[in-house]
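Everything on this sheet refers to the single structure shown next.
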Amino acid sequence: MAAAESLPSVVDPDEAIADRRARLQLVGDRVAPMALAGERTLPLLDELTCLFPEGLRRGSTVSLHGSGSTALALAVAAAASTAGSWVAVVGDPELGFAAAEEAGVALQRVLVVDPEPSSWSAAVAALVGAVDIVLIAPRHRVRDAEARRLSARLRERGSVLLCTNGRWPSGADVQLEIVESEWAGLGSGHGVLQARRVTIRGGGRGASARPRSADMLLPGPLGRPEFIVPDITVDEAPALAAQG
């Protein structure tokens, strides 16, 4: 009997999932957005306002695609985080915190969540409404049914969802694609990466359906996105940006 009593109890998978959800809800309650709650839009860096005709609207989905989509997502979240909004990063445990800070993100208001694949959708849903910005890096394309449920919850709760790697289904409110990307600083097998010149094209729904594009350094020499003058080569851009 003594040996039998010492055996570990079997954990019910449903109870384990419920426990994870409860802990996520507790975290959400602790970081629930206080500032900016009455605003229809969240702040944006000046360099990105041309890509958001309606601003960074609460309740909207933003799909980001192309090489550098994570850097672009961090730049989108930067101004809101410094103004008091919390940012939850889901599914990207290897997020570069140094790069996030250089992009302007306030690290003291960043949560990193890496849920099990089976509870991914539940984790994202729990964070919507608990924080202002939810940045997701799904390993696979988000299913249409999941996207519809999350979109409805976003509109109800007022959070903004940023999806990297182009894995959000068609129909995102704002769609941004990095169509050209070129690093500066590397020579023939030597050098240090200094900046990346990108061309970003935008689309979406409603007012965001209007085609638009922007050329910028993402990141610039100091980590933040910076405008560049047309016809400047990628090797000249970092030096000019550093000169102010």
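The values are calculated or read from the model by the stated rules, or taken from the named source; none is laboratory data. Please read these numbers as outputs of a predicted model, since none were measured by experiment. Because the Cβ atoms are built from the backbone with ideal geometry, glycine has one as well, and the counts that use them run over all protein chains shown.
Quick look at the numbers
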{"read-out": "Residue list for segment 114-135, restricted to those being in contact with a Pro (Cβ under 6 Å, 6 or more places away or on another chain) and in a loop (DSSP other than H, G, I, E, B)", "value": "Asp114, Asp132"}
{"read-out": "Test: residue in segment 99-113 that is within 25 Å of Pro211 (Cα to Cα), touching a residue at least 60 places away in the same chain (Cβ under 8 Å), not in a helix (DSSP H, G or I) and not polar (S, T, N, Q)", "value": "no"}
{"read-out": "Qualifying residues in segment 21-63 (those that are modelled with pLDDT under 65 and either part of a strand (DSSP E or B) or touching a helix residue (DSSP H, G or I) at 6+ places or on another chain (Cβ under 8 Å) (or both)) - the one farthest from Arg109 (Cα to Cα)", "value": "Arg21"}
{"read-out": "Only listed residue being modelled with pLDDT under 95, under 30 Å from Glu226 (Cα atoms), among the aliphatic types (A, V, I, L, M) and surrounded by 15 or more Cβ atoms within 10 Å (Cβ to Cβ), chosen from Val142, Val113", "value": "Val113"}
{"read-out": "The listed residue being in a strand (DSSP E or B), within 18 Å of the chain's Cα centre (by Cα) and of a type in the set (A, V, I, L, M), out of Leu162, Leu150, Leu193", "value": "Leu162"}
{"read-out": "Given (1) in contact with a helix residue (DSSP H, G or I) (Cβ under 6 Å, 6 or more places away or on another chain); (2) outside any strand (DSSP E or B); (3) not acidic (Asp, Glu), number of the condition Ala172 does not satisfy", "value": "(1)"}
{"read-out": "Filtered residues of segment 62-91 (kept if in contact (Cβ under 8 Å) with a residue 60 or more places away in the chain, buried (at least 24 other Cβ atoms within 10 Å of the Cβ), in contact with a Ser or Thr (Cβ under 8 Å, 6 or more places away or on another chain) and farther than 17 Å from Arg224 by Cα)", "value": "Leu64"}
{"read-out": "Failed criterion for Pro93 (all others in (1) at pLDDT below 95; (2) not in a loop (DSSP other than H, G, I, E, B); (3) not basic (Lys, Arg) hold)", "value": "(2)"}
